[in-house]
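J.: Before we start, here is the structure in question, set down as C-alpha coordinates.
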Amino acid sequence: MIKLMYKPFSILAGVLGGILAGVLFKQIWKLAAHEDEAPDSTDVAKGWTEVLIAATLQGAIFALVKAAVDRGAAEATLKLTGIWPGSDSVAEAAKEAGKEQAKQEKQLEKKGKAKKAKAA
(Lines give C-alpha, C1' and ligand atoms only; values in the text may rest on other atoms or scores of the structure.)
Protein backbone atom coordinates (compact mmCIF):
# COMPACT_ATOMS: atom_id res chain seq x y z
CA MET A 1 0.00 0.00 0.00
CA ILE A 2 2.83 2.41 0.84
CA LYS A 3 4.46 1.83 -2.55
CA LEU A 4 1.17 2.73 -4.24
CA MET A 5 0.94 5.95 -2.23
CA TYR A 6 4.65 6.66 -2.75
CA LYS A 7 4.44 6.53 -6.56
CA PRO A 8 2.62 9.88 -7.16
CA PHE A 9 4.88 11.56 -4.60
CA SER A 10 7.94 10.11 -6.33
CA ILE A 11 6.73 11.26 -9.76
CA LEU A 12 6.12 14.80 -8.53
CA ALA A 13 9.52 14.88 -6.84
CA GLY A 14 11.12 13.64 -10.07
CA VAL A 15 9.48 16.37 -12.16
CA LEU A 16 10.56 19.05 -9.71
CA GLY A 17 14.05 17.54 -9.61
CA GLY A 18 14.24 17.64 -13.41
CA ILE A 19 13.29 21.32 -13.41
CA LEU A 20 15.88 22.01 -10.72
CA ALA A 21 18.56 20.11 -12.65
CA GLY A 22 17.81 22.08 -15.82
CA VAL A 23 18.10 25.40 -14.03
CA LEU A 24 21.27 24.28 -12.25
CA PHE A 25 22.87 23.10 -15.52
CA LYS A 26 22.08 26.39 -17.29
CA GLN A 27 23.65 28.39 -14.47
CA ILE A 28 26.78 26.21 -14.33
CA TRP A 29 27.13 26.33 -18.12
CA LYS A 30 26.89 30.15 -18.07
CA LEU A 31 29.68 30.28 -15.48
CA ALA A 32 31.90 27.69 -17.14
CA ALA A 33 31.53 28.56 -20.84
CA HIS A 34 30.53 32.23 -20.58
CA GLU A 35 27.61 31.49 -22.94
CA ASP A 36 23.87 31.73 -22.30
CA GLU A 37 23.00 28.40 -23.95
CA ALA A 38 24.70 25.03 -24.07
CA PRO A 39 25.56 23.83 -27.57
CA ASP A 40 23.12 21.66 -29.47
CA SER A 41 24.61 18.37 -30.64
CA THR A 42 23.81 19.36 -34.25
CA ASP A 43 25.19 22.91 -34.00
CA VAL A 44 27.62 23.19 -36.93
CA ALA A 45 29.49 26.05 -35.26
CA LYS A 46 30.46 23.95 -32.22
CA GLY A 47 33.14 21.27 -32.12
CA TRP A 48 32.98 17.75 -30.76
CA THR A 49 34.80 18.67 -27.56
CA GLU A 50 32.41 21.44 -26.53
CA VAL A 51 29.31 19.40 -27.41
CA LEU A 52 30.51 16.33 -25.52
CA ILE A 53 31.64 18.32 -22.48
CA ALA A 54 28.23 20.01 -22.32
CA ALA A 55 26.44 16.66 -22.62
CA THR A 56 28.63 15.08 -19.96
CA LEU A 57 28.11 17.95 -17.55
CA GLN A 58 24.37 17.96 -18.16
CA GLY A 59 24.14 14.19 -17.64
CA ALA A 60 26.17 14.34 -14.44
CA ILE A 61 24.03 17.14 -13.01
CA PHE A 62 20.78 15.38 -13.89
CA ALA A 63 22.02 12.09 -12.40
CA LEU A 64 23.17 13.81 -9.21
CA VAL A 65 19.89 15.67 -8.74
CA LYS A 66 17.83 12.55 -9.56
CA ALA A 67 19.73 10.46 -7.02
CA ALA A 68 19.40 13.17 -4.35
CA VAL A 69 15.68 13.64 -5.00
CA ASP A 70 14.95 9.89 -5.10
CA ARG A 71 16.88 9.27 -1.91
CA GLY A 72 15.30 12.25 -0.16
CA ALA A 73 11.82 11.11 -1.15
CA ALA A 74 12.51 7.58 0.07
CA GLU A 75 13.89 8.80 3.40
CA ALA A 76 10.95 11.18 3.84
CA THR A 77 8.60 8.26 3.23
CA LEU A 78 10.49 6.18 5.79
CA LYS A 79 10.23 8.96 8.38
CA LEU A 80 6.52 9.51 7.72
CA THR A 81 5.43 5.88 7.48
CA GLY A 82 8.20 3.81 9.03
CA ILE A 83 8.46 1.80 5.79
CA TRP A 84 11.21 2.03 3.20
CA PRO A 85 9.55 2.36 -0.23
CA GLY A 86 12.35 0.68 -2.20
CA SER A 87 12.21 -2.72 -3.84
CA ASP A 88 13.84 -4.44 -0.84
CA SER A 89 11.66 -2.83 1.81
CA VAL A 90 10.70 -6.13 3.49
CA ALA A 91 14.25 -7.47 3.42
CA GLU A 92 15.56 -4.09 4.59
CA ALA A 93 13.13 -4.00 7.51
CA ALA A 94 14.11 -7.53 8.55
CA LYS A 95 17.79 -6.63 8.29
CA GLU A 96 17.33 -3.54 10.46
CA ALA A 97 15.34 -5.54 13.01
CA GLY A 98 18.14 -8.11 13.14
CA LYS A 99 20.74 -5.39 13.65
CA GLU A 100 18.72 -3.85 16.46
CA GLN A 101 18.28 -7.23 18.16
CA ALA A 102 22.01 -7.99 17.89
CA LYS A 103 22.81 -4.56 19.36
CA GLN A 104 20.50 -5.17 22.31
CA GLU A 105 21.99 -8.63 22.90
CA LYS A 106 25.52 -7.16 22.97
CA GLN A 107 24.44 -4.52 25.48
CA LEU A 108 22.94 -7.21 27.73
CA GLU A 109 26.11 -9.28 27.40
CA LYS A 110 28.28 -6.30 28.42
CA LYS A 111 26.05 -5.64 31.44
CA GLY A 112 26.34 -9.28 32.45
CA LYS A 113 30.14 -9.20 32.20
CA ALA A 114 30.27 -5.97 34.22
CA LYS A 115 28.15 -7.51 36.97
CA LYS A 116 30.40 -10.60 37.08
CA ALA A 117 33.50 -8.41 37.31
CA LYS A 118 32.02 -6.45 40.22
CA ALA A 119 31.01 -9.66 42.00
CA ALA A 120 34.51 -11.11 41.67
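The values are calculated or read from the model by the stated rules, or taken from the named source; none is laboratory data. No experiment lies behind these values; they were computed from the predicted model shown. Cβ sites come from the backbone with ideal geometry, for glycine too, and all protein chains shown count toward neighbours.
J.: Restricting to region 71-88, give me the number of residues that are buried (at least 16 other Cβ atoms within 10 Å of the Cβ), outside any loop (DSSP other than H, G, I, E, B) and not β-branched (V, I, T).
T.: 3
J.: State all residues of region 1-41 that are assigned to a helix (DSSP H, G or I) and at positive phi; if no residue qualifies, say none.
T.: Here is the first cut: in region 1-41, the residues assigned to a helix (DSSP H, G or I) are 2-33.
Answer for region 1-41, where residues must be assigned to a helix (DSSP H, G or I) and at positive phi: there is none.
J.: Kindly indicate which of L64, L52 is under 13 Å from the mean Cα position of the chain (by Cα) and modelled with pLDDT of 95 or more.
T.: Details: L52 fails: under 13 Å from the mean Cα position of the chain (by Cα).
One residue alone meets the criteria, L64.
J.: Quick check on region 42-61: of everything there that is without any contact (Cβ under 8 Å) to a residue 40 or more places away in the chain, of a type in the set (V, I, T) and part of a helix (DSSP H, G or I), which residue is farthest from F25 (Cα to Cα)? It would help to see each step written out before you state the result.
T.: Keep residues of region 42-61 that are without any contact (Cβ under 8 Å) to a residue 40 or more places away in the chain, which gives 42-60.
From the residues that got through so far, the ones that are of a type in the set (V, I, T) too are 42, 44, 49, 51, 53, 56.
From the residues that got through so far, the ones that are part of a helix (DSSP H, G or I) too are 49, 51, 53, 56.
Values: T49: 18, V51: 14, I53: 12, T56: 11 Å.
So the residue we want is T49.
J.: Do we have any residue at all in region 19-32 that's at pLDDT below 95 and of a type outside the set (D, E)? Give the derivation first.
T.: Taking region 19-32 and keeping what is at pLDDT below 95, we get 32.
If we keep only those that are of a type outside the set (D, E) as well, we get 32.
There is at least one residue in region 19-32 that is at pLDDT below 95 and of a type outside the set (D, E).
Residue by residue, here is whether (1) within 24 Å of R71 (Cα to Cα); (2) of a type outside the set (S, T, Y) holds:
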residue	(1), (2)
Y6	yes, no
L12	yes, yes
P39	no, yes
L52	no, yes
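J.: Within region 95-120, track down each residue that is more than 25 Å from W84 (Cβ to Cβ), among the aliphatic types (A, V, I, L, M) and at pLDDT 80 or above.
T.: The one that is more than 25 Å from W84 (Cβ to Cβ), among the aliphatic types (A, V, I, L, M) and at pLDDT 80 or above: L108.
J.: Are there any pairs with C-beta distances below 9 angstrom linking a residue in region 4-28 that is charged (D, E, K, R) to a residue that is surrounded by 11 or more Cβ atoms within 10 Å (Cβ to Cβ) and not in a helix (DSSP H, G or I), with the two at least 6 apart or on different chains, and if so which?
T.: From region 4-28, the pairs are K7/P85; K26/E37; K26/A38.
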